[in-house]
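Peer 1: Take a look at the following structure, please.
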Amino acid sequence: MTAAEEQELVEFLERDQLVADTRRPVGRMALSRRISVALWALRVFVVLVSVMVIYTFVSQLA
Amino acid sequence: MTPPPAPSLLDPTVGGDGAIALPRPPLTPEDAARSADRFRVHNARRHGRRWTLLWLLIGPGILAMLGENDGPSMISYAASGATYGLGFFLPFILLTFAMAVVCQEMAMRVGAVTHRGYGQLVLERFGPMWGWFSAGDLIFTNLVTLIAEFVAIRIGLSFFHIGAGVAALLGIVLVVFTLSGGRYWRWERIVLGMAVFNGLFLVAAIMTGPHWGKVGHALLTGSPFPGGSFNTLLLLVASTIGATVTPWMIFFQQSASADKGLTPKDLRHGRYDTIAGGVLAAVFGCGALIAGAALFGHGGSSIDGLAGAGFPGALKLVSGNAVATVFALGLIEAGAVAILTISASTGYAVGECIGVAHSFNNSTRKATVFYGANVGAALVAAAIILIPGAPLLSIALNANVLATVLLPVALVFLIMLANDRELMGKYANTALTNRIGLAIVAFISICGAAYGIDSFLQTVHLVS
């Protein structure tokens, strides 16, 4: 691909839309202790309820 | 003196130290393919061709919504109609699709602004542990749901006396065929063309000759409210929610919006796309319920009893062969489209979390993991439905319930990403969107937990 052809293609894309740019990691968000605890609580909650649903489903099959 | 605004995390001209402008990176074939699509959008916008622009920009929203009008969802709606008739569940379907539009708009917006998929952003912003938890939830629910999609195709085909082997083969051939073009645009248009046939459920509903006055009354008042078993009601409420808002839809619409090349300039059309998808899916979903309601009073309340012959067989006895045929074809379509979209969301999630190429704009050689996950997920699900004696309807309904139970975590991360001003800048959520989003999370958590806990307590005989 020539430089002119590349330039023409790039015109229709946003700069941060190029594959090389979307591969660039955006960096970690600093989570407060309160948010971390809330996320873990939600995680434990959904795992517990999922186990209950799966147990019920398997019991109904038996 | 006010400090200058922090540089956006997405600005490629700003280096990690915030100072040096970077040279433009080399273009890839994926960039070239996306640029060709954006060229047409650019031209339509420049020449004021509004309808062309709309045609070019629709896709991810309609596909997410109609993809979620999948086999288990339509069976779930029809089961609600068969069990309770017209009433509470008609407006409830509209409510759940309104919730879906709010969530999917956020996913579309984050994808268009950041050009990154959901899995990639969760992994990078919250760390690998949360990223892999999200991807793990998605892959697990996707596998269960994919099994249910093959089940739907199997139920539909069995009405025409075609066996499970053909259902499995049909699904796999479709996945391989749609993946073979190496272009997002081609994949999207093929699946959109197939998704139009989701309207068959509306046709089936009209053909059953429902009392439209009762339909209107049910839509406006939500009555009669369902009676009978509280646990069955909870199961249908949870599975109806799981039929409209699911983790894979969030992964899919955000990743597909980025893959399609949407930008902040396209947000208005992205919203049209999402709302149009929501409206169409709600109408067709109500169609499935109305068609199922024809079985109300004809043994329709015995949901398990319908599992063997399936809804088409039961409809044939009550409403005639034509209605049953249309419903069976609808189930085949619903299962087929969902296999394509759910497999795609699996491919996006795996590719994003591993950090390899994850775009339909790549060749199979360049994106082996992405295409492999697409086909692999479908292959596993297809193999499972070939097991004789599988409890078909139970799998379909429980697939939706599992999606409901696991959804709150995915939604919380989506809301956090949509509020992330370093990523989203002026496109971040408004206070109103946040309030609605958190209300949806609370509502879905309560419904999913209510069914899970009540069923569990009944199973271990702690309540009767």
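What follows is calculated from the coordinates using simple rules that are stated; it is not laboratory data. Just so it is clear, the model here is predicted, and its values are computed rather than measured. Quick reminder, even Gly has a Cβ in these numbers, built from the backbone with ideal geometry, and neighbours come from all protein chains shown.
Peer 1: For the protein assembly as shown, what are Rg and Dmax over the alpha carbons, in angstrom?
Peer 2: 22.9, 79
Peer 1: What nm distance separates the two modelled labels at residue B:36 and residue A:61, each placed 7 Å from Cα along Cα→Cβ?
Peer 2: According to this spin-label approximation, the distance is 4.5 nm.
Peer 1: Applying 1/(1 + (r/R0)^6) with R0 = 22 Å to the Cβ-Cβ distance of residue B:47 and residue B:272, what FRET efficiency is obtained, to the nearest 0.05? All intermediate terms of the calculation are to be shown ahead of the outcome.
Peer 2: Values: r = 19 Å, r/R0 = 0.87.
Efficiency computed from Cβ-Cβ geometry: 0.70.
Peer 1: Could you please state, rounded to a whole Å, how far the C-alpha centre of segment B:350-379 is from the C-alpha centre of segment B:70-141?
Peer 2: Spelled out, the Cα-based centre of one part sits 22 Å from the other.
Peer 1: Let me ask something additional. Which whole number in µm²/s is D for chain B by Stokes-Einstein, with the Kirkwood Rh taken over Cα pairs at 25 °C and 0.890 mPa s? Don't skip to the answer; put the middle values down first.
Peer 2: Numbers: Rh = 22.5 Å.
Roughly 109 µm²/s, to the nearest whole number.
Peer 1: While we're on this one: Given the options B:33, B:322, A:47, identify the residue whose Cα lies farthest towards the positive end of the charge dipole of the protein assembly as shown (+1 on Cβ of Lys, Arg; -1 on Cβ of Asp, Glu).
Peer 2: Value computed over the given set: B:33.
Peer 1: Any idea what diffusion coefficient segment B:371-461 gets from Stokes-Einstein, in µm²/s, Kirkwood Rh on alpha carbon pairs, 20 °C, 1.002 mPa s?
Peer 2: Details: Rh = 16.4 Å.
It diffuses with D of about 131 µm²/s by this estimate.
Peer 1: With 31 Å as the limit, write out which pairs from B:214/B:316; B:265/B:366; B:214/B:260 have Cα-Cα distances beyond it, or answer none.
Peer 2: Working: B:214/B:316 23 Å; B:265/B:366 29 Å; B:214/B:260 42 Å.
Flagged as over cut-off: B:214/B:260.
Peer 1: Evaluate the charge dipole of chain B about its Cα centre and quote only its size in Debye, nearest 20, assuming +1 on the Cβ of each Lys and Arg and -1 on the Cβ of each Asp and Glu.
Peer 2: On the way: 26 positive and 21 negative charges, 262 e Å.
It comes to approximately 1260 debye.
Peer 1: Now, a different point. Specify the angular offset, from 0 to 90 degrees and rounded to the nearest 10, of the alpha carbon long axis of helix B:392-418 from the longest principal axis of the alpha carbons in chain B.
Peer 2: 30
Peer 1: Between residue B:220 and residue B:279, what is 0.36 nm times their sequence separation minus the Cα-Cα distance? Round to one decimal in nm.
Peer 2: Working: separation 59, 0.36 × 59 = 21.24 nm, distance 1.67 nm.
Additional length available on full extension: 19.6 nm.
Peer 1: Please state, rounded to one decimal and in Å, the Kirkwood hydrodynamic radius that segment B:53-193 gives when every pair of distinct Cα atoms enters the mean of 1/r. Before the final figure, lay out each step's value.
Peer 2: Numbers: mean 1/r = 0.0559 Å⁻¹.
Computed over Cα pairs of segment B:53-193, the Kirkwood hydrodynamic radius comes out at 17.9 Å.
Peer 1: In addition: Per the Kirkwood treatment, what hydrodynamic radius in Å, one decimal, follows for segment A:10-62 from the mean inverse distance over all distinct Cα pairs?
Peer 2: On the way: mean 1/r = 0.0647 Å⁻¹.
Final number for the Kirkwood radius of segment A:10-62 is 15.4 Å.
Peer 1: Still on this structure, I have one more. How charged is the neighbourhood of residue B:335? Take every other residue with its Cβ under 14 Å from the Cβ of residue B:335, and add Lys/Arg as +1 and Asp/Glu as -1. Please report the intermediate quantities before stating the final value.
Peer 2: Numbers: positive: B:154; negative: B:68, B:70, B:149, B:333.
Result for the neighbourhood of residue B:335: -3.
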